[in-house]
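Colleague: Quick one: the structure is below, questions incoming.
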Amino acid sequence: MKFAYLIVVLFLVSLNLRPSITSVGPLLDLIQKDLGMNGVTSSMLTTLPVFCMGLFSVLAIRFNRRIGIEWSLLIAMLCILVATFLRIYVSEPILLISTALFSGIGIGIAGPLVSGFIRKHFPQHPFMASVYSVSMVIGAAVASSLSVPLLHKLNDSWQKSLSFWSILALIASLLLVPLVKSQQRGLPSGHRQKVSLRDRRVRVLMIFFGCMAAMFYSITAWLAPIVQTMGLPRSESGYILTLFTLIQIPVSFLIPFLAGKYQQNKLWLLICCASEFIGVTLLLVGASPVVATVFLGIGAGGLFPLALLLPIQESNNAEEATAWAAMTQFVGYLLGSLGPLLVGFTADLFHSFTPALAGMLAIITLMTLTALRIGKKTDSRIQQGKSYSA
């Protein structure tokens, strides 16, 4: 397969891993009003997909063994396609939550497989991990920024606005068809990889990934409502969320590249943790939402790709990369899914986002302590001369 074609496939597949989630945030107040959903129920639109991304990530290992990476990715894209398209028919909360469930299943299966895809098709090109992370950020940015404009273009129908993003999954599915036809299904039994929870590296990565995911999806789901309580109208709060995602594009492209080039993973992990801590603190004290969003975007933009890159760095082949990523994301996303839910719960309970923001600071502190341990292990591996090619 041509190199450029494989890059396009990687880009389009990764592009689909966020729009079904991030497109909801700017429209959340309309959805709540139209369907009569409270904070806890509406937070399920973000919590449930993230929960499924963890719960069903282990299926990526089984799918990979049975039918291979390419066929598994096609099935995942079709799942996202159907779930997102069906949002056009939503008239009850249970229907909307069901689409969140099935889109989460598709994303959960696809996530670890992308790591294996990179390890398999780009073994000498670690830069492709940046393409992976940038593609997800672009998908998140485009979906969050265009949700409100699409709402106005499509007869003020939030259902049509949410359903629109099924087009991306359709394109990705079509691009995967030539690739799956050329690949052998399944893996020889000798290639099956096992990753144990008894491995300390796995447990540390799980905790770090859980804290990172909890922060990312809490901000994605609730940043717009939070800044609305600070006096910004809906249209401007949507732009704040767009700013949050747009900042991540160059950051998620540069930081993995710099971390790999200069072998300074721990330094960049700590810088990004500090940036998120500053951003949440600014929101807590009622400072400028724009300045706070800049710090949050820098932090999230660096932490997410670094977290995705770590399993690829630890692996020796595509199958092992898939297994590492699946186990890391399994517990990581399950823990991360609690973030948006707890924000919604505390908002309903205290009628304020202040307790939730304080809780975010505690999560960032734990994430920073965990990042220190990851950094020590990474540095030792670098000193031993281990290759981190993706």
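No value in this document is a laboratory result; all are computed from the given coordinates. What you see is a predicted model, and the numbers here were worked out from it, not measured in a lab. Using ideal geometry, Cβ is built from the backbone for each residue, glycine included, and neighbour counts are taken over all protein chains shown.
Colleague: Treating only the Cβ of Lys, Arg, Asp and Glu as charged (+1, +1, -1, -1), what charge dipole size does the chain show about its Cα centre? Round to the nearest 20 debye. Walk me through the intermediate numbers first.
Modeller: Working: 27 positive and 13 negative charges, 290 e Å.
With only Lys, Arg, Asp and Glu charged at Cβ, the dipole is about 1400 debye.
Colleague: Sticking with this one: What is the distance, in nm, between label points placed 7 Å from the Cα along the Cα-to-Cβ direction at Val177 and at Tyr89?
Modeller: Using points 7 Å along Cα→Cβ, the separation is 2.3 nm.
Colleague: Also, quick follow-up: Averaging sequence separations of C-alpha pairs under 8 Å and six or more residues apart, then dividing by the length of the chain, give the relative contact order as a whole percent. Let's see the in-between values first.
Modeller: Numbers: 708 pairs, mean separation 111.2, N = 390.
It comes to 29 percent, rounded to a whole number.
Colleague: Rounded, prolate or oblate: pick one for region 5-44, where a ≥ b ≥ c are the square roots of the eigenvalues of its C-alpha gyration tensor, a/c under 1.5 means rounded, and failing that, prolate if a/b is larger than b/c, else oblate. Intermediate results must be reported in sequence, preceding the final value.
Modeller: Values: a/c = 5.76, a/b = 3.76, b/c = 1.53.
The shape class here is prolate.
Colleague: In percent, how large is the relative contact order of region 229-305, given Cα pairs closer than 8 Å and 6 or more residues apart? Could the numbers behind the result be given before it?
Modeller: Working: 79 pairs, mean separation 33.1, N = 77.
It comes to 43 percent, rounded to a whole number.
Colleague: Something else: Name the residue farthest towards the positive end of the dipole of the chain from the options Leu150, Ile374, Leu48, assuming +1 on Cβ of Lys and Arg, -1 on Cβ of Asp and Glu, about the Cα centre.
Modeller: Looking along the dipole axis, the top candidate is Ile374.
Colleague: How far apart, in nm, are the 7 Å Cα→Cβ label points at Asp348 and Leu284?
Modeller: With each label point 7 Å from Cα toward Cβ, the separation is 2.5 nm.
Colleague: What FRET efficiency comes out for the pair Val291/Leu267, r = Cβ-Cβ distance, R0 = 22 Å, nearest 0.05? The partial results should precede the final answer.
Modeller: Working: r = 23 Å, r/R0 = 1.07.
Once rounded, the FRET efficiency stands at 0.40.
Colleague: Between Ile7 and Leu254, with labels modelled 7 Å along Cα→Cβ, what's the label distance in nm to one decimal, could you check?
Modeller: Once both label points are built, they end up 2.1 nm from each other.
Colleague: Want the number for Thr365 to Leu170: 0.36 nm per residue separation, take away the alpha-carbon distance, what's left?
Modeller: On the way: separation 195, 0.36 × 195 = 70.20 nm, distance 4.02 nm.
Computed gain between Thr365 and Leu170 is 66.2 nm.
Colleague: Take Val290, Val180, Val343 and order them by how many other Cβ atoms sit within 10 Å, fewest up front.
Modeller: Numbers: Val290 14, Val180 17, Val343 29.
Ranking Val290, Val180, Val343 by Cβ neighbours within 10 Å, fewest first, gives Val290, Val180, Val343.
Colleague: Another one. Round to a whole angstrom and tell me the spacing of the C-alpha centers of region 8-74 and region 76-143.
Modeller: 6 Å
Colleague: Hand me the tally of lysine pairs in the chain: alpha carbons under 18 angstrom apart, and the pair either on different chains or 8 or more positions apart.
Modeller: So the count works out to 13.
Colleague: I need the phi-derived Karplus couplings for region 92-109: 6.51 cos²θ - 1.76 cosθ + 1.60, θ = phi - 60°, integer Hz, Gly and Pro marked x.
Modeller: Whole-Hz 3J(HN,Hα) from phi for region 92-109: 9, x, 4, 5, 5, 5, 5, 5, 5, 4, 6, 5, x, 4, x, 5, x, 6.
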